[in-house]
Amino acid sequence: MSSYWRKRKRQCIEFISMMEEATEGTISLKKCLKGDGPIDIDSDEAAVVGATAFAKRKKSKISLAGRGVKGGAKMGGDGSGSLRPDERFIGVRLTAQGKPERVYLEE
């Protein structure tokens, strides 16, 4: 599955690179990958930026309502010993070497 995804990603990057050359820079690969370009594609960067904006909006609404997230133990409250997910976790982004990197909400 990952090899299929890499092949599709490579094809999309090649297409946008050719579009950048054909349009003399009107369509930029960097802008498209960040989500600021005329062609909207799903990328790690755009997904993380969108998730960050959503989390900040959600946090401001919660703080305005006066309900904060209570701190506590990381273990589940049902006594099963299961770990709760980190509330600051937003998503995963691939580094330049192709390794996944976790992205957390900056406080």
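Quick one: how many residues across segment 13-40 are more than 18 Å from Thr95 (Cα to Cα) and not small (Gly, Ala, Ser)?
15
Among the numbered conditions (1) open to solvent by 80 Å² or more (accessible area, probe 1.4 Å); (2) modelled with pLDDT of 75 or more; (3) assigned to a loop (DSSP other than H, G, I, E, B), tell me where Asp86 comes up short.
Condition not satisfied by Asp86: (1).
Sort out which residues of segment 19-40 are open to solvent by 40 Å² or more (accessible area, probe 1.4 Å) and part of a loop (DSSP other than H, G, I, E, B), and write them in order of number.
Residues satisfying the conditions are Thr23, Glu24, Gly25, Thr26, Asp36, Pro38, Ile39, Asp40.
Kindly indicate the residue of segment 1-18 that is assigned to a helix (DSSP H, G or I) and hydrophobic (A, V, I, L, M, F, W, C) and also farthest from the chain's Cα centre (by Cα) among those meeting that condition.
Within segment 1-18, the match that is farthest from the chain's Cα centre (by Cα) is Met18.
Within segment 15-52, how many residues are touching a helix residue (DSSP H, G or I) at 6+ places or on another chain (Cβ under 7 Å) and at positive phi?
Counting residues in segment 15-52 that are touching a helix residue (DSSP H, G or I) at 6+ places or on another chain (Cβ under 7 Å) and at positive phi gives 1.
The values are calculated or read from the model by the stated rules, or taken from the named source; none is laboratory data. Just so it is clear, the model here is predicted, and its values are computed rather than measured. Virtual Cβ from ideal backbone geometry, glycine too; neighbours counted across all protein chains shown. Only protein heavy atoms, including side chains, enter the accessible area calculation; ligands, DNA and RNA are left aside. Shrake-Rupley method; radii C 1.70, N 1.55, O 1.52, S 1.80 Å.
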